[in-house]
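These notes are about the structure you will find just below.
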Amino acid sequence: MAEAPKLFKVTIDNITIEVPPGTSILNAARMIGGDVTPPAMCYYSKLQGSGGKCRTCLVEVAAGSTADPRPMPKLVASCRTNVMDGMVVKNITSERVTDARNGVVEFLLINHPLDCPICDQAGECHLQDLGYDHGKESTRYEFSRRTFDREDIGPYIQLHMTRCILCYRCTYVADQLTDNRVHGILDRGDHAEISTYISKAIENDFSGNMIDVCPVGALTDRTFRFKNRVWFTKPVDAHRDCPTCCGKVTLWNRGDEVLRVTVRKDPWGEVQSYDGKPGWICNTCRFDKKKLSDWVIEGPTKIARHSVMGANHYINAKRPLETISEVMGGRHPRVLMDIHKVSDVNQPEVMLSELPGPATGDTFNGQKLEYSTNITDGKIGSPSNEEGTDSTNPNTP
Amino acid sequence: MGRKLLLDKAHIENIRLYDVYRREGGYRSVEKALKSMSPDQVTEEVKKSGLRGRGGAGFPTGMKWSFLAKPEGVPRYLVVNADESEPGTFKDRYLMEFIPHLLIEGMITSSYALGSSRSYIYIRGEYAWIVDILEQAIAEAKNNGWLGKNILGSGFDCEIYVHPGAGAYICGEETALLESLEGKRGNPRIKPPFPAVKGLWDCPTVVNNVETIAAVVPIVNEGGEEYAKIGIGKSTGTKLISSCGNIKKPGVYEIDMTISVEEFIYSDEYCGGIPKGKRLKACIPGGSSVPILPANLLLKTAKGETRMMTYESLADGGFATGSMMGSGGFIVLDETQCVVRHTYTLARFYRHESCGQCSPCREGTGWMEKILLNIENGKGKMTDVDLLWDIQRKIEGNTICPLGDAAAWPVAAAIRHFRDEFEWHILNPEECLRRNYGLANYGSVPAKV
């Protein structure tokens, strides 16, 4: 194709970009990148027909196009709405959008088990990221959550339906990558579930890609289950000469051991494309080649997504204004950790029962006690830290 | 009193049979259209008639027809939506059961106008015996040359197929209906593209309600302008209302949209008033998904005008003080009914019928149902009412298809107009299990007008 004759001008959150006709609002926002990109749980650019279901990518269209500048009355799903020339879109600048998105996240979480501590997806889970960015700190849902039994579908994949958010991505993978789909959505509404017809095994050679497209921990790699937390593993890019797939993968290693193999992911958590083709990998590469000698290592993987794996902090997470050493009056925070040197427990002149703490104080730090300053003066860090536990969290930079 | 165009002959004996129907003047519109009119002229007549979609949204039918894309070499389809699953609505059932040839006749004329040589009736699976009635009517029409190839020598071919659904409310949504008709899971499609551009098998498609298509027959017979003279303002023609609930004479009535709501409820010609001398508490004027109205707002609008049985008047005041004509399922509640219980019943229905495709509807409907059940059982908290309001607000308008709105509106309206009843339930957990709230301050309406 020759040069595209005309590009559409679209303004998203006051940033203007020119995109080819037929681009969705979401993809235009991804070209801009950063905060203006709406989150997407169900849309997957490499799977035809995906998107429009989760409603997290809702945006407000303030002006339809130059020709017809009327605003759209409802919020639209940005993943399935194409840009028009002169369209003005509001994402994070619109309160309606933020409000609706928070609502959607709340809906997605009411029936989610929130078992992140034992979930293999934790650390690279899109729902986890979404929850940190848009979720409430507590739930208003007071009923028992929907649960399903765990199910092994085939030798490699385990389905944990309780965690599923019904994004339909895995059904699109089966439709578009494998020759025969044997699983799908049974039932409807909030009792809908993904399953195979009478527990049939999913055995196709490309079925493992379902694990990678799953935004939550509903489909997990049985060869990796409970082996390790993803943030303890070291991801490296590697490739091998594979007759069935592109062979370009990310290895997740611990020491010399290859714990799991996945596709390489782009900044949006989707599989990377090579020469316009998505780099799906076959089950042989994914499940059988678990030795470093099987692979040619290219180098460490850069995690571009903002996630637990990537940055260890979140856009909306509040950073304490002052550093720990400021709070500590210039002393090195390390002394906090050395209980033998700093704790009052080791000081015989102090009455244990008068120590500030949960037993004697109103708060955990023992605040609001009149004599607390006398005891702690120059001995341990000031307990009257207004920021609470944030600044004493060793994970905070 | 009122004029009847659709059901005037419905009670003639054996009108279900072709011979009787033909003798009573049936299939005249097909003759007229195919012999003396071009397809565009038929569409023009429908436009002139001001006919509005009878399925619920009230979109002008002529305009819908003129939006149909007409690319060369691509077939076009007419699909009749007979998946009438809205609680309280049973008008299409009546029409198809008693006078099926009216629908077939309307379909042939409409197919001619739209250029559809294969038209479908998607009927809800529970209407199994009506499938037989329609199949018989189609066979009779075909034997008499009204269907098939080269109808009346005009060169126009038309076939009609009946397709029963499998019992899903969501398949009444037009794109879900098309998916189901294609043999897929009945999930609504994401619009755009609209069915007028990409519908059944990606071809331009018009989806119309049974009653809308039946109304095409009198429009073609009498002319669009003549039809438009009936009714008030933009609510032209006659409308079938299926009334039920606490009334003396439940049933399907054809009204010409010139009567008031009060007349419709209390007149002996229609519902005949409320039995046992009870008083009117509330009413859902257009099928379960439209907002409920308390008696004082039902009979008079917020401006103090008499509320008429028209699209505009029922919607007067927006959702704050008005409702919608909807599909014409008129549900009347008397003073003994409990609005909380009623709202819970509807919430349970929408939870069960949500397709589960998009998250606000899938999760929100179930959540609302659980909260409403708690309140109904006297286990509610005061914050639950605000929570319900917040949930419905976050569902409404944020879903793929209108089912989310349909689930949110009844809850919203019940809280808006009957908040004190919800609060009474919460404050009197023991008492609410034994007796109903009654009328309180909505009971300013006398038992008999």
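The values are calculated or read from the model by the stated rules, or taken from the named source; none is laboratory data. The shown structure was predicted, so the numbers you read here are calculated from the model rather than taken from an experiment. Note that each Cβ is placed from the backbone with ideal geometry, even for glycine, and that neighbours are counted across all protein chains shown. Accessible surface is based on the protein model in full, side chains and every heavy atom, while ligands, DNA and RNA are left aside. Shrake-Rupley method; radii C 1.70, N 1.55, O 1.52, S 1.80 Å.
Listing for the model above:
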{"item": "Residue count, the stretch A:165-179 (criterion: within 26 Å of A:Leu130 (Cα to Cα) and open to solvent by 20 Å² or more (accessible area, probe 1.4 Å))", "result": "1"}
{"item": "Lone qualifier among A:Glu142, A:Glu137 - being within 9 Å of another protein chain (Cβ to nearest Cβ) and more than 20 Å from A:Gly51 (Cα to Cα)", "result": "A:Glu142"}
{"item": "Failed condition for A:Ala40, given (1) small (Gly, Ala, Ser); (2) surrounded by fewer than 24 Cβ atoms within 10 Å (Cβ to Cβ); (3) away from chain B (no Cβ under 12 Å)", "result": "(2)"}
{"item": "Residue match in the stretch A:35-55 (condition: acidic (Asp, Glu) and at pLDDT 90 or above)", "result": "no"}
{"item": "Qualifying residue in the stretch B:206-216 (condition: open to solvent by less than 40 Å² (accessible area, probe 1.4 Å), more than 13 Å from every other protein chain (Cβ to nearest Cβ) and in contact with a Cys (Cβ under 6 Å, 6 or more places away or on another chain))", "result": "no"}
{"item": "Selection count where residues are more than 14 Å from every other protein chain (Cβ to nearest Cβ) and open to solvent by 10 Å² or more (accessible area, probe 1.4 Å), scope the stretch A:45-69", "result": "7"}
{"item": "Selection from the stretch B:239-250 of residues that are under 12 Å from B:Gly328 (Cβ atoms) and either outside the structural domain of B:Pro275 (by TED's automatic domain parsing) or aliphatic (A, V, I, L, M) (or both)", "result": "B:Leu240, B:Ile241"}
{"item": "Hits in the stretch B:388-402 - residues which are facing another protein chain (nearest Cβ under 9 Å) and either part of a helix (DSSP H, G or I) or farther than 21 Å from A:Gly189 by Cα (or both)", "result": "B:Asp390, B:Ile391, B:Arg393, B:Lys394, B:Ile395"}
{"item": "The listed residue being touching a residue at least 12 places away in the same chain (Cβ under 8 Å) and open to solvent by less than 30 Å² (accessible area, probe 1.4 Å), out of B:Ile232, B:Ile274", "result": "B:Ile274"}
{"item": "Residue, farthest from the chain's Cα centre (by Cα), within the stretch B:131-143, restricted to residues that are surrounded by fewer than 13 Cβ atoms within 10 Å (Cβ to Cβ) and within 17 Å of B:Ile99 (Cβ to Cβ)", "result": "B:Ala139"}
{"item": "Of the criteria (1) more than 9 Å from every other protein chain (Cβ to nearest Cβ); (2) open to solvent by 10 Å² or more (accessible area, probe 1.4 Å), which one A:Pro73 fails", "result": "(1)"}
{"item": "Condition check for B:Ile170: farther than 19 Å from B:Gly55 by Cα, open to solvent by less than 50 Å² (accessible area, probe 1.4 Å) and in contact with a Cys (Cβ under 7 Å, 6 or more places away or on another chain)", "result": "no"}
{"item": "Unmet requirement for A:Ile194, which otherwise passes all of (1) open to solvent by 20 Å² or more (accessible area, probe 1.4 Å); (2) under 22 Å from the mean Cα position of the chain (by Cα)", "result": "(1)"}
{"item": "A:Ile202 being over 19 Å from A:Lys290 (Cα atoms), modelled with pLDDT under 85, away from every other protein chain (no Cβ under 14 Å) and not in a loop (DSSP other than H, G, I, E, B)", "result": "no"}
{"item": "Failed condition for A:Leu219, given (1) open to solvent by 40 Å² or more (accessible area, probe 1.4 Å); (2) under 18 Å from the mean Cα position of the chain (by Cα)", "result": "(1)"}
{"item": "Unique match (being open to solvent by less than 10 Å² (accessible area, probe 1.4 Å), more than 21 Å from A:Arg169 (Cβ to Cβ), among the hydrophobic types (A, V, I, L, M, F, W, C) and within 13 Å of another protein chain (Cβ to nearest Cβ)) among A:Val89, A:Val97", "result": "A:Val97"}
{"item": "The stretch A:142-160, residues that are outside any strand (DSSP E or B), at pLDDT 85 or above and crowded, with 19+ Cβ neighbours inside 10 Å", "result": "A:Tyr156, A:His160"}
{"item": "Flag for B:Gly2 being at pLDDT below 90, out of contact with any Ser or Thr (no Cβ under 9 Å at 6 or more places or on another chain) and open to solvent by less than 50 Å² (accessible area, probe 1.4 Å)", "result": "no"}
{"item": "Counted residues, the stretch A:230-267 - those being buried (at least 19 other Cβ atoms within 10 Å of the Cβ) and outside any strand (DSSP E or B)", "result": "6"}
{"item": "Helices (runs of 4 or more DSSP H) contained in the stretch B:318-387 and holding at least 1 residues buried (at least 20 other Cβ atoms within 10 Å of the Cβ) and either within 14 Å of another protein chain (Cβ to nearest Cβ) or out of contact with any Pro (no Cβ under 8 Å at 6 or more places or on another chain) (or both)", "result": "B:339-353, B:359-376"}
{"item": "Subset of the stretch B:297-317 (residues that are polar (S, T, N, Q) and either open to solvent by 40 Å² or more (accessible area, probe 1.4 Å) or part of a loop (DSSP other than H, G, I, E, B) (or both))", "result": "B:Thr301, B:Thr306, B:Thr310"}
{"item": "Number of the condition not met by A:Phe107 [criteria: (1) in a helix (DSSP H, G or I); (2) open to solvent by 10 Å² or more (accessible area, probe 1.4 Å); (3) of a type outside the set (A, V, I, L, M)]", "result": "(2)"}
{"item": "Residue that is farthest from A:Lys53 (Cα to Cα), among those in the stretch A:102-116 that are without any contact (Cβ under 8 Å) to a residue 24 or more places away in the chain and more than 14 Å from the chain's Cα centre (by Cα)", "result": "A:Gly103"}
{"item": "Considering residues of the stretch B:178-199 that are of a type in the set (A, V, I, L, M, F, W, C) and touching a Pro at 6+ places or on another chain (Cβ under 9 Å) only, the residue nearest to B:Pro60 (Cα to Cα)", "result": "B:Ala196"}
{"item": "Given (1) over 24 Å from the mean Cα position of the chain (by Cα); (2) assigned to a loop (DSSP other than H, G, I, E, B); (3) within 25 Å of A:Arg30 (Cβ to Cβ), number of the condition A:Gln121 does not satisfy", "result": "(1)"}
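Here is a yes/no grid of residues against (1) out of contact with any helix residue (DSSP H, G or I) (no Cβ under 7 Å at 6 or more places or on another chain); (2) over 22 Å from B:Ile391 (Cα atoms); (3) more than 10 Å from chain B (Cβ to nearest Cβ); (4) aromatic (Phe, Trp, Tyr):
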{"residue": "A:Asp85", "(1), (2), (3), (4)": "yes, yes, yes, no"}
{"residue": "A:Val105", "(1), (2), (3), (4)": "no, no, no, no"}
{"residue": "A:Ile110", "(1), (2), (3), (4)": "no, no, no, no"}
{"residue": "A:Pro113", "(1), (2), (3), (4)": "no, no, yes, no"}
{"residue": "A:Gln121", "(1), (2), (3), (4)": "yes, yes, yes, no"}
{"residue": "A:Glu124", "(1), (2), (3), (4)": "no, yes, yes, no"}
{"residue": "A:Asp129", "(1), (2), (3), (4)": "yes, yes, yes, no"}
{"residue": "A:Asp133", "(1), (2), (3), (4)": "yes, no, yes, no"}
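A quick yes/no check of all residues on (1) in a helix (DSSP H, G or I); (2) closer than 16 Å to B:Tyr77 by Cα; (3) open to solvent by 10 Å² or more (accessible area, probe 1.4 Å):
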residue: B:Glu159; (1), (2), (3): no, yes, yes
residue: B:Thr175; (1), (2), (3): yes, yes, no
residue: B:Pro188; (1), (2), (3): no, no, no
residue: B:Tyr227; (1), (2), (3): yes, no, no
residue: B:Tyr253; (1), (2), (3): no, no, yes
